[in-house]
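As structure tokens, the structure follows; a few thoughts come after it.
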Amino acid sequence: VCQYNAIDDVDTNLNAYLKLRIICAALNEGWEPKFTEDEVRWYPWFWLYTTQEIEDMDEQEKQERHLISTGDYETGYAGFACADSTDAPSNTKARIGPRLCLKSEALAVYCGKQFIDLWADFNLVRRR
């Protein structure tokens with residue numbers, strides 16, 4: 001809480017990153033990744049949907065994805081959502097830092113959906 005209150009009004013992306021670091025640390029309850037071969041780490045995944053894709057979804061599907069508008073961001077897509085991918089082809093990049101890793105899949109999904117606005121600020125560029 002003291003760290004959160006000390007964050008000044010800095011760049012949106014940096015501000016979101018600092019808040020997410022604190023949130024992830026709290027959710028992990030002291031767990032930190034050790035990067036051993038047998039360790040599994042989790043990270044929220046997100047998806048950008050087009051307007052047409054959103055219009056084709058039923059209301060339950062829209063709610064499950066916790067869609068938010070991307071109107072404030074520099075993107076041609078219509079919605080940003082937390083995505084849960086199990087047993088599907090996926091790609092990951094090394095840029096995902098250890099401070100935003102979570103100790104379980106459930107925590108990653110919860111964190112992605114509960115704090116989706118912060119994740120959007122962290123991952124997307126705001127319009128100026």
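Every number here is computed from the coordinates shown, using simple stated rules; none is lab data. Computed from a predicted structure; not experimentally measured. Here the Cβ is made from the backbone with ideal geometry for all residues, glycine too, and neighbour counts use every protein chain on show.
For the reader, a short list of remarks on this structure follows.
- On the beta carbon distance between Glu105 and Thr12, with R0 = 30 Å, the FRET formula returns roughly 0.60.
- Averaged over residues, the count of other Cβ atoms within 10 Å places the peptides 61-67, 50-56, 27-33 in the sequence 61-67, 27-33, 50-56, highest first.
- Global geometry of the range 11-58, whether rounded, prolate or oblate, following the gyration tensor of its Cα atoms and the 1.5 cut on a/c: oblate
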